[in-house]
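Report on one structure; see the data block that follows.
The values are calculated or read from the model by the stated rules, or taken from the named source; none is laboratory data. Only a predicted model underlies this, so the values are computations on that prediction, with no experimental measurement involved. Cβ sites come from the backbone with ideal geometry, for glycine too, and all protein chains shown count toward neighbours.
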Amino acid sequence: MAFNSYILLFFALVAAHFRCGLTNSPYSHPHFAGNRSVIVHLMQWKFVDIAAECERFLGPFGYGGIQLSPVNEHAVLGNRPWYELYQPVSYRIISRSGNEAEFKDMVHRCNKAGVRIYVDAVLNHMTGAQEGSGTAGSHYNGNSMQYPGVPFGPNDFHGHESCPTSDLEIHNYDNAQEARNCRLSGLRDLKQSSEYVRTKQAEFLNKLIDAGVAGFRFDASKHMWPGDLEAIYGKLHSLNTAYFPSNSKPFVYHEVIYYGGNGIKSSEYTRLGRAIEFHYYRELANVLRHHNQLKWLKTFGQNWSMVPSDDALVMVDSHDMQRGHTGTLGLNINFFEPKLLKVATAFMLAWPYGVTRVMSSYHWNQKIQNGHDVNDWMGPPSDSHGNILSVKPNADLTCNKEWVCEHRWRQIHNMVAFRNIAGSEPVTHWWDNGDYEIACSRGNKAFIALNLQPGQTLHRTLQTGLPKGEYCDLVTGNLKDGKCTGSTVHVDQSGNAEITINSSSDDDFVAIHVHAKH
Ligand code: QV4
Ligand code: CA
């Protein structure tokens, strides 16, 4: 190689290094298989059901990965509320969803089906103030801070030496010392500056990594010091080479609830992986509830005080939000308002920002009193012994009445395909009516139009950017054996199509892509 070539190579390597170093962290890659791009949170599903779902639905329908509910031993509370999951008792893999053997079988079968597994890891704390037995039978005492199943004892927890509040509770979430060294709702706060605590937590994460998971949601990241997390990362294995290229780092996305201001910022965590961008769901809900015009979404993303796209994980709904444990009931969008959830999810999946996550819920009887859901504690569908019921999908893809399975709704799974096909194509041919009607293309791969103008029908010729042909509208139907079961959109020679959407019909958007052309 000539000297000049060496110089060029040197500069190319330096440039590549800076690109990786400056944009996103090695922990921000979700390791999806192929062009897959969407995560679904299957809240409290049994591991055996998840394995079957990977093979019969998620794999074939193009989902990229699953967020599990916490998998380690947790407290067993009286009426079995869902939130007992967020009170760890040990790091043994036994939860209400299944045991370690079932977990491993699920991870293997999902990876084989092209679907990645991400575990919700609760590392900030152990249980609340009660005493009892966990899901693996380990005894614990939250009052004396004894967790023999790990084992952890009182010296492994923050106390008055590091937490500045007199009752050891967090009162000011904006004060880093307090938010990270005091207790979140009374939950015993682990001293992650301790080498022993770090080692135990890394052992747990490594057990999951070795089983083949692709990464983690880090619960309550805001309440853990970035430096402590970094030290734990330093002890982690690379992902299992049976499924991933060698030296792959786990994907990590951090739960940091940040809406601006001087408190703990999402950007403190983006060198350690992605941040769940909470501005996203809130701004989108504001728009879809007519507090802000749809046309403004043209710049949705970093311009809206969000972290860069490559640092973000986004959602419309979450297990906390649908119960009002985060955000505000009445603003948050979820399956209790299916039409709104469909259009919100459609926009999210059509829009090139962040890694996207779809919520898949179970039913409970929501009962709102004074802005709160008094039934927000209700656990998953279960029998009289507390065993979680299986999910038994119907032939039309919907689920039995206990499980909502939003991820199986036609409008949602078809938009998952839309996102996979749109890939990294840019937004083109943006059109809006200056108010609540918008449309855009993703290069020459896909096109979407939304009409949220109250009482108005959108009826006009729009540029789709797509090749000439007959396209099946994925919102009203599917392409089956070369025939569209819903309405068809005709795209002419120059890429134009006549689009009609009545905002008061069940479906207030139209979406087409090049793989559903007939
Ligand atoms: C109660 C009182 C406290 C008191 C304590 C005394 O409310 O004031 O100090 O008793 O011991 C449950 C109960 C809660 C109870 C607590 C301890 O609901 O009333 O405190 O247990 O016994 C979930 C639920 C919580 C639940 C927790 C543990 O949402 O209600 O608490 O699990 O079972 C902030 C954080 C963010 C957090 C969000 C909810 O920054 O990190 O609040 N989100 C994540 C999870 C969430 C989970 C936790 C964190 C905790 O997404 O689901 O909380 O792991 O914004
Ligand atoms: Ca903490």
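Summary of computed values
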{"item": "Tyr280 more than 16 Å from ligand 2 (Cβ to nearest atom) and part of a helix (DSSP H, G or I)", "result": "yes"}
{"item": "Residue list for segment 492-507, filter: over 16 Å from Arg410 (Cα atoms) and either in a strand (DSSP E or B) or under 27 Å from the mean Cα position of the chain (by Cα) (or both)", "result": "Asn496, Ala497, Glu498, Ile499, Thr500, Ile501, Asn502"}
{"item": "Test: residue in segment 326-334 that is out of contact with any Cys (no Cβ under 7 Å at 6 or more places or on another chain), more than 30 Å from Ala439 (Cα to Cα) and more than 16 Å from ligand 2 (Cβ to nearest atom)", "result": "yes"}
{"item": "Test for Lys298: is it in contact (Cβ under 8 Å) with a residue 40 or more places away in the chain and charged (D, E, K, R)", "result": "yes"}
{"item": "Pairs where the first residue, in segment 151-163, is closer than 30 Å to Gly137 by Cβ and the second is within 15 Å of ligand 1 (Cβ to nearest atom) and among the polar types (S, T, N, Q), C-beta under 6 Å, 6+ apart", "result": "His158/Asn181"}
{"item": "Hits in segment 129-188 (condition: within 16 Å of ligand 2 (Cβ to nearest atom), among the polar types (S, T, N, Q) and surrounded by 14 or more Cβ atoms within 10 Å (Cβ to Cβ))", "result": "Ser162, Thr165, Asn175, Asn181"}
{"item": "Some residue of segment 466-481 being more than 26 Å from Lys339 (Cβ to Cβ), at pLDDT below 95 and either out of contact with any helix residue (DSSP H, G or I) (no Cβ under 8 Å at 6 or more places or on another chain) or of a type in the set (A, V, I, L, M, F, W, C) (or both)", "result": "yes"}
{"item": "Filtered residue count, segment 245-262, keeping only those that are more than 16 Å from ligand 2 (Cβ to nearest atom) and in contact with a strand residue (DSSP E or B) (Cβ under 9 Å, 6 or more places away or on another chain)", "result": "6"}
{"item": "Helices (runs of 4 or more DSSP H) within segment 168-237 that include 2 or more residues over 25 Å from the mean Cα position of the chain (by Cα)", "result": "176-181, 195-211"}
{"item": "Among residues of segment 437-451, those that are closer than 16 Å to Leu294 by Cα and over 27 Å from the mean Cα position of the chain (by Cα), counted", "result": "1"}
{"item": "Residue within segment 248-268 that is part of a helix (DSSP H, G or I) and away from ligand 1 (no atom under 13 Å from the Cβ) present", "result": "yes"}
{"item": "Residue ID - nearest to Glu255 (Cα to Cα), chosen from residues in segment 317-341 that are away from ligand 1 (no atom under 16 Å from the Cβ) and crowded, with 21+ Cβ neighbours inside 10 Å", "result": "Ile333"}
{"item": "Restricting segment 151-183 to residues that are within 18 Å of Val89 (Cβ to Cβ) and in contact with a strand residue (DSSP E or B) (Cβ under 9 Å, 6 or more places away or on another chain), the residue that is farthest from ligand 1 (Cβ to nearest atom)", "result": "Gly153"}
{"item": "Verdict on Pro245 being crowded, with 18+ Cβ neighbours inside 10 Å, of a type outside the set (A, V, I, L, M) and within 22 Å of Val38 (Cβ to Cβ)", "result": "no"}
{"item": "Pick from segment 191-242, criterion aromatic (Phe, Trp, Tyr) and within 17 Å of Pro26 (Cβ to Cβ), ranking: nearest to ligand 1 (Cβ to nearest atom)", "result": "Phe218"}
{"item": "Residue that is surrounded by the fewest Cβ atoms within 10 Å (Cβ to Cβ), among those in segment 38-57 that are in contact with a helix residue (DSSP H, G or I) (Cβ under 7 Å, 6 or more places away or on another chain) and not in a helix (DSSP H, G or I)", "result": "Gln44"}
{"item": "Members of segment 358-390 found to be in a loop (DSSP other than H, G, I, E, B), in contact (Cβ under 8 Å) with a residue 40 or more places away in the chain and closer than 17 Å to Ser95 by Cβ, listed by number", "result": "Gly379, Pro380, Gly386, Ser390"}
{"item": "Strands (runs of 3 or more DSSP E) enclosed by segment 71-143 - at least 1 residues per element that are within 14 Å of ligand 1 (Cβ to nearest atom), among the polar types (S, T, N, Q) and without any contact (Cβ under 8 Å) to a residue 24 or more places away in the chain", "result": "139-141"}
{"item": "Residue, nearest to Phe216 (Cα to Cα), within segment 259-295, restricted to residues that are out of contact with any helix residue (DSSP H, G or I) (no Cβ under 7 Å at 6 or more places or on another chain) and loosely packed, with under 15 Cβ neighbours inside 10 Å", "result": "Ser267"}
{"item": "Subset of segment 58-107 that is of a type in the set (Gly, Ala, Ser) and more than 18 Å from the chain's Cα centre (by Cα) - its residue that is surrounded by the most Cβ atoms within 10 Å (Cβ to Cβ)", "result": "Ser97"}
{"item": "Only one of Val510, Val489 that is assigned to a strand (DSSP E or B), free of Cβ contacts under 8 Å to residues at least 60 places away in the same chain and among the β-branched types (Val, Ile, Thr)", "result": "Val489"}
{"item": "Verdict on Ala220 being within 11 Å of ligand 2 (Cβ to nearest atom), within 15 Å of Pro70 (Cα to Cα) and surrounded by fewer than 23 Cβ atoms within 10 Å (Cβ to Cβ)", "result": "yes"}
